[in-house]
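The values are calculated or read from the model by the stated rules, or taken from the named source; none is laboratory data. On a predicted model such as this, the values are computed, not experimentally measured, just so you know. When we count neighbours, we look across all protein chains shown, and the Cβ atoms used for this are built from the backbone with ideal geometry, even at glycine.
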Amino acid sequence: MSIFKHIAIVTLALSFVSCSIRDDRSDCSGDVFLHFIYNGDGDTDIFPSKIMCVNMYVYSTDNGTFHSEYSFDKQALDAVQGTHLMLPPGSYRIVCWGNAGELSTIDKSWGTGHIAEPAYFNSSADYSGTDPLYCSILDLTVPETLQDVEETCYFAGSHIKMKVKLDGFADLVDMADGEKIGVSLVHEGCPVATDFSNVPFDERCEVVPPIQPDPNDADAYILSYNVFRFTEDDPLNRLSVRYEDGREMYAVSLKNFIGRYGIQITGRHEITVPVKITYSPVGITVVGWDIEEVDPGFDKD
């Protein structure tokens, strides 16, 4: 017997008699035992190492209404990788988001629910990248007989991990006045949100991730951030290196970059796009971060 069912024994014993002696069971509930699983791109559950918290939203699909919501932190998930619900007879959709934190805001409306950066709901804020999100969608039915329901919530990836190194950009100097030249990276063409079917929006935005000095290279910057999923052949996704005044210094077509290095997005859950952009006196080069091949001018728009 699973730990969920041990937890449910007392509740079930108290409710069984009153529910079993009546024909009308509209105010009775059945036990629903849910397990959380995330296999990534393999066959082994890696949920504990990838998902630190879960927000769960339960909807009645019989009448298209929001029913209830629950949240589970890391401590709760380490104790029980799943949950036990009590639901009245009927059909339900259960949507879970893994790792929704400070970089995520959730609209739980039935039929139009979505998750986005806080900037999507606040026009005065800037997009800077989202949390490393995972999504699970489960449809189930609690029978009129109140027979136990045991199901598994399988999680899927909802983000792409971007790792960008700007090599040689930290010490750029304006030859006219000797002043240091500041730069930023703008990721253009990012989906602004993902809906409760784990489908990214068509609407796009510019993400400006925080730029950090490379601790191992005084002449470089490191940017590590997450965006909602895009496809390999998406022509709108570009990395734009810009001067402080907003002028573009250089641009990388991610469609071309992904195609050149054979990065697979479709059908995969764990995706990292590692880009190294190097500035030198002879020009700017773009390679995969851990790839030695250099092709000056490659991917320039």
(Q) With the requirement that a residue be more than 18 Å from Tyr92 (Cβ to Cβ) and either in a strand (DSSP E or B) or not polar (S, T, N, Q) (or both), what does region 127-154 give you? (A) Tyr127, Gly129, Thr130, Asp131, Pro132, Leu133, Tyr134
Q. Mind checking whether some residue in region 52-65 is among the hydroxyl-bearing types (Ser, Thr, Tyr), under 17 Å from Pro132 (Cβ atoms), assigned to a loop (DSSP other than H, G, I, E, B) and touching a strand residue (DSSP E or B) at 6+ places or on another chain (Cβ under 7 Å)?
A. no
Q. Which numbered condition trips up Met86, out of (1) within 19 Å of the chain's Cα centre (by Cα); (2) surrounded by fewer than 17 Cβ atoms within 10 Å (Cβ to Cβ)?
A. (1)
Q) Based on what the data block shows, is Ser124 free of Cβ contacts under 8 Å to residues at least 24 places away in the same chain and part of a loop (DSSP other than H, G, I, E, B)? A) yes
Q. What is the residue count in region 241-293 for residues that are over 26 Å from the mean Cα position of the chain (by Cα) and of a type in the set (Val, Ile, Thr)?
A. 6
Q: Considering only residues that are of a type in the set (A, V, I, L, M, F, W, C) and assigned to a loop (DSSP other than H, G, I, E, B), look in region 217-240 and name the one that is surrounded by the fewest Cβ atoms within 10 Å (Cβ to Cβ).
A: Leu236
Q. Quick one: would you say Arg204 is in contact (Cβ under 8 Å) with a residue 24 or more places away in the chain, in contact with a Cys (Cβ under 8 Å, 6 or more places away or on another chain) and of a type in the set (Lys, Arg)?
A. yes
Q: Inspect region 232-249 for any residue being β-branched (Val, Ile, Thr), closer than 30 Å to Gly113 by Cα and at pLDDT 95 or above and give the result as yes or no.
A: no
(Q) Can you report the number of residues in region 40-68 which are over 17 Å from the mean Cα position of the chain (by Cα), over 14 Å from Ser136 (Cβ atoms) and free of Cβ contacts under 8 Å to residues at least 60 places away in the same chain? (A) 11
Q.
Quick check on my filter: what residues within region 265-296 are among the small types (Gly, Ala, Ser) and either in a loop (DSSP other than H, G, I, E, B) or modelled with pLDDT of 95 or more (or both)?
A. Gly267
Q. Inside region 149-171, can you point out the residues that are modelled with pLDDT under 95 and surrounded by fewer than 17 Cβ atoms within 10 Å (Cβ to Cβ)?
A. Asp171
